[in-house]
Structure formats: structure tokens, C-alpha cells
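Worksheet: the structure to be examined is printed underneath.
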Amino acid sequence: MMREIKTMSTMYWQDNRLYLLDQRYLPSKTEYRSCESCDQIVDSIKVMSVRGAPAIGIAAAYGMAVAAREALIKGCNKVEMLTALEEAAVKLKRARPTAVNLFWAVQRMEKLLLKLKETSPQQIFESLLKEAKNLHKEDIDNNRMIGLNGAELVPSKASVLTHCNAGALATGGYGTALGVVRAAVEQGKDVHVFVDETRPLLQGARITAFELFEDDISVTLVTDSSAGHLMSRNKVDLIVVGADRIAANGDTANKIGTYTLAVLAAYHKIPFYVAAPVSTIDISVETGEGIIIEERCGSEVTHLNGHSIAPEGITASNPAFDITTAKLITAIITERGVVCKPDRVKLEKLI
Ligand code: MRU
């Protein structure tokens, strides 16, 4: 290994509460939001203080532990605690609809709860917290593996385009798409990254560019609409993005604008990679058509930092994600290996 890269924490547990890096204020402020209630965690997911599919899953797992602690403080007996946890699970799952990691993580906590019915409220809290910490650590380990698997696809000198933020701050740490970049850089490869700013919430400009800049990785910020031009001038060797949900056939939901990049990549014969943990694959959904696309408030499009940038009263559409069909995806990079030309048979074998 030529170089080891360390990044700041998306979240951490301390003094019986969850601290979430409030990503709404990046890069100007690095402020952690202290969450002592499950409702605060639900709100943090909704308003996107914490965002990125794996990160919201991990936050929700901690949310279940926080809900158990709230019940303990209130002096609830076991039945009351279990009822409170059922309610917490429902609220957490309703926070955002597209990223499957949220449902996957809460369901994992619910499965554990079924095994804890004979234990005390204190033990329930401790076990849920331990599980959330395990899930957090596993995510970082998975991302390291995704990075190693993906780095093999990166030439020794490469120009990479990425969209939105699938970095350390979208995960427990290290990142998926940016994990691939980090691993390639750590192996001594000469990597330059073009980062789409990613309208409307600018996760590319505010978060990905910030992460890469902090890590001293060569980066150029570009407008979303520059991508085709860059590809037409042979400036992009490969594209790597994250995923919010991968259907059984490989169709992938990711940040709005991803599909456009994949179509452009196919036209220009540039490899298009999706990097994601196996927990992002939702085998219960046959194709991308079955994935719910979150529609966010139009004011995210009409306003920038609280300032109006469009005519007052204009109607704005704001789908947060789109679907990239499997046939546009060169390979899906997971912690268990790289799946070229993804389809149901290959993805089923992975999980
Ligand atoms: O709306 P966001 O910021 O939560 O969207 C994030 C993305 O689309 C990421 O690319 C995806 O969640 C993968 S993160 C490893």
C-alpha cells in the first residue's frame, strides 16, 4: 500500500447518544447533530442531515437503540418497550422511500428483537446498540472490500467521473464509489476525479469535492451538464457511482442524473460501474419499475441556500433518483466480487 487515507466520521456513538455530521452545512460548517431521541434521527434522515443509502441504514439501526434507551429512561416494562420499538421501526422506515439499506437495517434490528423477547429491557437496549455498532463496522469493512475489488478495474492512470456523493460520508466510512477511487489511489494509481455538482442539493460540489479535496486526491468540479462534453473529448476513462437500490435484474436507482450519465457512457463506449454493498440489492423487486422514486419538495429546485433562483410561484418537479437499466451497467462492484453485465441469476448467486 502506497498511501493510507483517513476521512472524517459520518456518525459516532458517545455518552448514550448518536452524533450525526450535519451534511446540510458542508463544506462551510462541520457540525455534529446530537440525537438523543429516535424522532431526532427520523428527522435527520428526512431533512438529509444524514444521507446516502448505507449511512441512513446505519443511522436507523442506531435509531432503534436510541428508541430502546428512551423507553428505559421512561421506566417502560418489556411489553411497553417492545411496543415503542415497533413504533420506532415504522417511523424510521417511513423517513425516506428509495434507499433499501434503510429497510434492510431496520429489519435486521427487528429480527434481533425477536430473539430478545426473554431478556430484560436493559439487555434489549444493550443488544440493539451492539448490533448497530456491528452493522456500522461491517459497512466500513465492506467498503474496503468494494474498494479493493473496484480498484482492479481502474487503470494505472485514470480519469474517473462520479455523481452525487457515494463517499465516506454517504456510508459508515471510506465510501463505495469513492472507496474504489481511494483504494486505487492507495495502491499508487494516478487518479483524477471529475465530480458532477449534482443539482439540486449539490452533494457532488458540497460533499464529494470536499472529501476528495480533504484527502488530497486530484479533483475537478464540473457542472452536471458538462458530462457529455467531457466524454466527447475523451476526458473520462470510466464512471463509478453508488446505488440506493438495485433490483433483482440489476436495474439501479441512484441520484437523479445517473441514468443520463449511463446513456452518455454507452454512446461513448466508456465503462459505467455501480459500486454498492450486497445489502443494496433488493431481490424482492423484479425490475427498476418496482422501485419507489422519492419526490422531494420543489423548493429544493427553485431555491439555493434560501435564495429564490426561479420565478415566484413556478411549478418545479424534483425526483431525487432515477433508474439506470441493467443493460447500461458494465459491472456492479460489491464486497463479494464484481458482477459484469448484471442480471437476476448473477445477483441471486451473490446474496
Ligand atoms: O439523496 P441522497 O444524497 O441520499 O442520495 C445519495 C445517493 O444517491 C448515493 O449515490 C447513494 O445513496 C449511494 S451512497 C454510497
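Given Ala105, Ala61, Ala67, which one is touching a Gly at 6+ places or on another chain (Cβ under 8 Å) and crowded, with 24+ Cβ neighbours inside 10 Å?
Answer to the selection: Ala105.
Out of curiosity, is Ala243 surrounded by 20 or more Cβ atoms within 10 Å (Cβ to Cβ) and over 17 Å from Gly150 (Cβ atoms)?
no
Rundown of residues vs (1) in contact (Cβ under 8 Å) with a residue 60 or more places away in the chain; (2) part of a loop (DSSP other than H, G, I, E, B); (3) more than 26 Å from Leu153 (Cα to Cα), yes/no style:
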position	(1), (2), (3)
Val240	yes, no, no
Ala265	yes, no, no
Glu286	no, yes, yes
Lys349	no, no, no
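Can you find a residue in segment 320-336 that is farther than 17 Å from Val241 by Cβ, surrounded by fewer than 17 Cβ atoms within 10 Å (Cβ to Cβ), over 21 Å from the mean Cα position of the chain (by Cα) and not aliphatic (A, V, I, L, M)?
For segment 320-336, residues farther than 17 Å from Val241 by Cβ, surrounded by fewer than 17 Cβ atoms within 10 Å (Cβ to Cβ), over 21 Å from the mean Cα position of the chain (by Cα) and not aliphatic (A, V, I, L, M): absent.
Rundown of residues vs (1) more than 16 Å from the ligand (Cβ to nearest atom); (2) modelled with pLDDT of 95 or more, yes/no style:
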residue	(1), (2)
Glu87	yes, yes
Lys91	yes, yes
Ala105	no, yes
Glu110	yes, yes
Lys117	yes, no
Ser120	yes, yes
Ser127	yes, yes
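Restrict the check to segment 160-183 and report whether at least one residue is part of a strand (DSSP E or B), under 16 Å from the mean Cα position of the chain (by Cα), closer than 29 Å to Glu138 by Cα and in contact (Cβ under 8 Å) with a residue 40 or more places away in the chain.
Within segment 160-183, the subset part of a strand (DSSP E or B) is 160-162.
Checking the rest, the ones that are also under 16 Å from the mean Cα position of the chain (by Cα) come to 162.
Then keep just the ones that are closer than 29 Å to Glu138 by Cα; that gives 162.
Cutting the leftovers down to in contact (Cβ under 8 Å) with a residue 40 or more places away in the chain gives us 162.
Scanning segment 160-183, I find at least one residue that is part of a strand (DSSP E or B), under 16 Å from the mean Cα position of the chain (by Cα), closer than 29 Å to Glu138 by Cα and in contact (Cβ under 8 Å) with a residue 40 or more places away in the chain, so the answer is yes.
Could you go through segment 299-314 and let me know if any residue there is within 16 Å of the ligand (Cβ to nearest atom), of a type in the set (A, V, I, L, M, F, W, C), closer than 25 Å to Lys46 by Cβ and more than 20 Å from the chain's Cα centre (by Cα).
Just the residues of segment 299-314 that are within 16 Å of the ligand (Cβ to nearest atom), to begin with: 299-301.
Within this subset, residues satisfying the condition of being of a type in the set (A, V, I, L, M, F, W, C) are 301.
Within this subset, residues satisfying the condition of being closer than 25 Å to Lys46 by Cβ are 301.
After this cut, where a residue has to be more than 20 Å from the chain's Cα centre (by Cα) as well, the list is 301.
The answer is yes, given that some residue of segment 299-314 is within 16 Å of the ligand (Cβ to nearest atom), of a type in the set (A, V, I, L, M, F, W, C), closer than 25 Å to Lys46 by Cβ and more than 20 Å from the chain's Cα centre (by Cα).
Working only within segment 77-101, note down all residues that are of a type in the set (A, V, I, L, M), closer than 21 Å to Asp139 by Cα and in contact (Cβ under 8 Å) with a residue 40 or more places away in the chain.
Those that are of a type in the set (A, V, I, L, M), closer than 21 Å to Asp139 by Cα and in contact (Cβ under 8 Å) with a residue 40 or more places away in the chain: Leu92, Ala95, Ala99, Val100.
How about segment 19-56: which of its residues are out of contact with any Asp or Glu (no Cβ under 6 Å at 6 or more places or on another chain) and basic (Lys, Arg)?
Within segment 19-56, Arg24, Lys29, Lys46, Arg51 qualify.
The values are calculated or read from the model by the stated rules, or taken from the named source; none is laboratory data. All figures in this text were calculated on a predicted structure; none of them were measured in a lab. Every residue, glycine as well, gets a Cβ built from its backbone with ideal geometry; the counts of neighbours run over all protein chains shown.
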